[in-house]
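The values are calculated or read from the model by the stated rules, or taken from the named source; none is laboratory data. These figures come from a predicted structure and were not determined experimentally. Methodologically, a virtual Cβ is constructed for each residue, glycine included, from the backbone with ideal geometry; neighbour enumeration extends over all protein chains shown.
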């Protein structure tokens, strides 16, 4: 395959390791190190790494923006770029009984707590923005997890940064790359590209831990969800210190 043919593949939604390395102008070894370090959005399908182009574009845009609007000192450990996700969670923004349905029906349930707490003022506009992002490519990252968000963080309401958590115990079809049902949703609301990027990175690391995902599915109280996330963060930090 010549370079012109390779460039044509970038118009598709799903990229291989070779294609994403060409797209980013990085070696495949460098991309693999980023994959194993949880630093780039991806999923493993049939033993092969696959990348959604729109997620890669989001990731690149966020990395290029170095002027956060929110108070990062409270949330970010600058050396590692890790966001303390547990500090962005609130019991009143957790829904443990999300019902299966279409993408729109699921998103309505996730947005409801944000409307009820006054963070989202215009529910229909917010839902339209979320669905626009979903039409570009699903935000279901695989392994039963989805991270719905607006394409441009600056269009989010100013009440963030917060993360609304939804649990669908029976699972629902959210068009995940791995073809599996989605059970856990993290709806991210922040008007800072930097916080957006780092939350995505933190979630990518945490949600690779099947034990953490399993515990979230078994949670019976909203405060329990926050404890589970906190324990997952502590477990990750401990792993890094070894």
*Output the number of the condition that residue 87 fails; it satisfies all remaining conditions of (1) out of contact with any strand residue (DSSP E or B) (no Cβ under 7 Å at 6 or more places or on another chain); (2) within 23 Å of residue 233 (Cβ to Cβ); (3) in contact (Cβ under 8 Å) with a residue 40 or more places away in the chain.*
(3)
*Do we find that residue 230 is outside any loop (DSSP other than H, G, I, E, B), touching a helix residue (DSSP H, G or I) at 6+ places or on another chain (Cβ under 8 Å) and buried (at least 18 other Cβ atoms within 10 Å of the Cβ) in this structure?*
no
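Regarding residue 205, is this residue in contact (Cβ under 8 Å) with a residue 60 or more places away in the chain, in contact with a helix residue (DSSP H, G or I) (Cβ under 8 Å, 6 or more places away or on another chain), surrounded by fewer than 21 Cβ atoms within 10 Å (Cβ to Cβ) and closer than 25 Å to residue 47 by Cα?
Against the criterion (in contact (Cβ under 8 Å) with a residue 60 or more places away in the chain, in contact with a helix residue (DSSP H, G or I) (Cβ under 8 Å, 6 or more places away or on another chain), surrounded by fewer than 21 Cβ atoms within 10 Å (Cβ to Cβ) and closer than 25 Å to residue 47 by Cα), residue 205 qualifies.
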*asked:* Please pick out the residue among 44, 39 that is surrounded by 13 or more Cβ atoms within 10 Å (Cβ to Cβ) and either modelled with pLDDT of 85 or more or in a loop (DSSP other than H, G, I, E, B) (or both).
replied: 39
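Condition check ((1) modelled with pLDDT of 95 or more; (2) in a loop (DSSP other than H, G, I, E, B)) across all residues:
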site	(1), (2)
97	yes, yes
141	no, no
160	no, yes
166	yes, no
175	no, yes
180	no, yes
188	no, no
200	no, no
*Please give the number of the condition residue 152 fails out of (1) closer than 22 Å to residue 221 by Cα; (2) modelled with pLDDT under 85.*
(1)
*Kindly list the number of the only condition in (1) touching a strand residue (DSSP E or B) at 6+ places or on another chain (Cβ under 6 Å); (2) buried (at least 23 other Cβ atoms within 10 Å of the Cβ) that fails for residue 196.*
(1)
*Hey, can you tell me all the residues within the range 1-27 that are surrounded by 12 or more Cβ atoms within 10 Å (Cβ to Cβ) and modelled with pLDDT under 85?*
6, 7, 9, 10, 13, 14
